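Report on the following structure.
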Amino acid sequence: MEKLCNNLLKGNFNFPDDVEVPKYPANLPERVIQFGEGNFLRAFVDWMIHQMNKKGLFNGRVVLVQPIPEGFTEKINEQDGLYTVILRGLRNGKPTEEKEIISSVSRAINPYKDWDEFMKCAEDPQIEFVISNTTEAGIAYDKEDRLDMKPPRSFPGKLTAYLYHRFRHFNGDPERGMVIMPCELIDRNGDNLKRIVLQLADDWGLPEEFKEWVKEHNIFLNTLVDRVVTGYPKDEIEAIEEKLGYEDQLLDTGELFHLWVIEGPKELSERLPFTKAGLNVIWTDDMTPYRTRKVRILNGAHTSSVPAAFLYGLETVGEMMDHEVMGEYVRSIIYDEIIPSIDLDRDMLVEFADAVIERFKNPFIKHYLISILLNSTSKFKARVLPSIKEYYDKYGKLPEKLTFSMAALISVYKDGKVEGSAMRAYREKGEFIMKDDLPVLEFYQNVWKAFDGSRNSALQVARDVLGNTALWDEDLNVIPGLAEKVGQYLYDIATCGIKDVVDRLVKGEGR
């Protein structure tokens, strides 16, 4: 079977009718340098640039830079930057699959092996955009980084070296500043990246003129990305390649939904005409409402519903949504408690929630509940606790199911025993391994040791957990009635079982 490459595209190969083959010129200029050659960016940003190129709106290609020593550079260059993206999900309730060969990538560079080639990109006046996704830990200050390293260890270090080379090559020309768009999932990612670049410039003793050039003539944008990318489908690859008729070592899969919120000058939308290409990209002066919407509805629904669904005996998000009781439980949490707690336009929230429900039901994605449970307490603090507190502030009462979800989370750790860096715990269906920060696991183990099965000891467990300021950065016992309600639900789960409690909640028979 022939491997996907330009020779295959130029030959007489008959691609399947359901595979869209690129038709725009292969020699478009390089206009983007991208730190990160992994699955997410290739099925998100590079896919978007491909859509713009198809409509003659951008007419540029992407140079991929491998940000860590291990990566896909060789495979990408072997395939001439070409790869297949398969997007799958529900559209208006119907299973839908789209297959397309993406040709927006020109090549990949490994700066650990070819630093000079990487730096040459800084000398290209046509390369004007920087995109990155180097994981949340990628935008971090490394005080050990140095300019004479080839390359510096961190992504901000590599970017600072790149920008300084560009500054020197073009003699500080204001027109040669870059538009920098990080996609890492941290709040204010552009602001944080700019701060670290300037810190490194100070550390390295770089000229004041360079720092002013960075501040005044380079635009660091804060962004929010949203698409589930499931990557290389190793369990299905043989069957997929048999249907495609060619081998693709970089085949990438993801969901149909996509959203990119970019906080920055509206005039940039002319240079990056995503919206003209029909893409779900929002340019805004303030991304806070969109981040709140995503964190509270999408992430918050996951974090608040998964503990109960897992204890119920379910394994995946799809199972949870298809389950008669748990599916209704999730919908009720979103529409009856999370959305009413958010002080934003309800229509905007409901529209997003409708898309979230369809995404959760995606039959092509197996999202395991146990993986969502990873570090659940810290996730609960960021994603669910604000909804509980704001609901109480608005309505003078606690949201029933979100409060119960806190008890369900605490119950996940019941009877658990810490072994090494994980906890061996139990549910009705059997044993499982719970992963979290070790101090968190040890805390829950110690709290539950004092539980004797009584209502009073359940209340004490609730008070101990809510009062742990190391977990919540505050004492949650000050929220009127929260400890009592969580304690009662802990007792109900321990004595009646999770299924009975959830069933009563869904029927509107909560405490």
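Kindly rank 297-307, 128-138, 158-168 from highest to lowest mean number of other beta carbons found within 10 Å of each residue. Intermediate values should be presented prior to the final figure.
Details: 297-307: 25.4, 128-138: 19.6, 158-168: 22.5.
Descending mean neighbour count gives 297-307, 158-168, 128-138.
Residues within the reach of a label modelled at ASN477 (point 7 angstrom out along Cα to beta-carbon, backbone nitrogen below 11 Å), restricted to the stretch 443-460, are 460. Dimensions of the stretch 6-284 along the principal axes, based on C-alpha atoms and rounded to the nearest Å, stand at 57, 39, 32, largest first. Secondary structure note: in the stretch 6-284, about 35% of the DSSP beta bridges are antiparallel. Selection among ILE334, GLY231, VAL486 by position relative to the dipole of the chain gives VAL486 as farthest towards the positive end (Cβ unit charges, Cα centre). Cross-link reach is defined here as a Cα-Cα straight distance under 27 Å, omitting same-chain residues fewer than 8 places apart; for LYS113 the lysines meeting it are LYS3, LYS75, LYS143, LYS150, LYS158, LYS194. Please name whichever of VAL179, SER132, PRO152 sits farthest to the positive end of the charge dipole of the stretch 108-195, dipole taken about the Cα centre and charges placed at Cβ: Lys and Arg +1, Asp and Glu -1. The residue sitting most towards the positive pole is PRO152.
For ARG146, the residues whose amide H sits under 5 Å from its own are ARG153, ignoring neighbours fewer than 5 places away on the same chain, with H placed 1.01 Å from N.
Overall dimensions of the chain, expressed as equivalent-ellipsoid semi-axes from the Cα gyration tensor (√(5λ), whole Å, largest first), are 44, 28, 21. Near GLU247, the amide H atoms lying under 5 Å from its own belong to GLU2, LYS3, LEU4; only residues 5 or more places off or on other chains count, and H is placed 1.01 Å from N.
Do the alpha carbons of any pairs in LYS449/LYS499; LYS120/LYS276; LYS381/LYS499; LYS366/LYS394 sit beyond 30 Å of each other, and which pairs? Correct reply: LYS120/LYS276; LYS366/LYS394. The distance separating the Cα centre of the stretch 474-490 from that of the stretch 326-385 comes to 22 Å.
I want the antiparallel fraction of DSSP beta bridges within the chain, as a percent rounded to 5. Before the final figure, lay out each step's value.
Values: 26 of 56 bridges.
DSSP beta bridges in the chain are roughly 45 percent antiparallel.
Grab the Cα-Cα distance for ASP142 and ASP17, subtract it from 0.36 nm times how many residues apart they are, and report the gain in nm with one decimal.
Numbers: separation 125, 0.36 × 125 = 45.00 nm, distance 4.96 nm.
Contour length minus the Cα-Cα distance gives 40.0 nm.
Centre-to-centre, using Cα atoms only, the stretch 1-78 and the stretch 253-323 are separated by 24 Å.
Spin-label model, HIS169/LYS243: points 7 Å from Cα along the beta carbon direction are separated by 4.3 nm. Candidate cross-link partners of LYS397 among the lysines, defined by an alpha-carbon separation under 18 Å and a same-chain spacing of 8 or more, comprise LYS389, LYS485. Computed over the alpha-carbon atoms, the stretch 400-493 gives an Rg to Rh ratio of 0.95, Rh here being the Kirkwood radius from the mean inverse distance. Determine the distance separating the Cα centre of the stretch 165-223 from the Cα centre of the stretch 404-455; give it in Å without decimals. Taking the Cα centre of each part, the stretch 165-223 and the stretch 404-455 sit 45 Å apart.
Here, each number is a calculation from the coordinates, and none is a lab measurement. Quantities reported herein were computed from a predicted structural model and do not represent experimental measurements. Ideal geometry is used to build each Cβ from the backbone, glycine not excepted, and the neighbour counts take in all protein chains shown.
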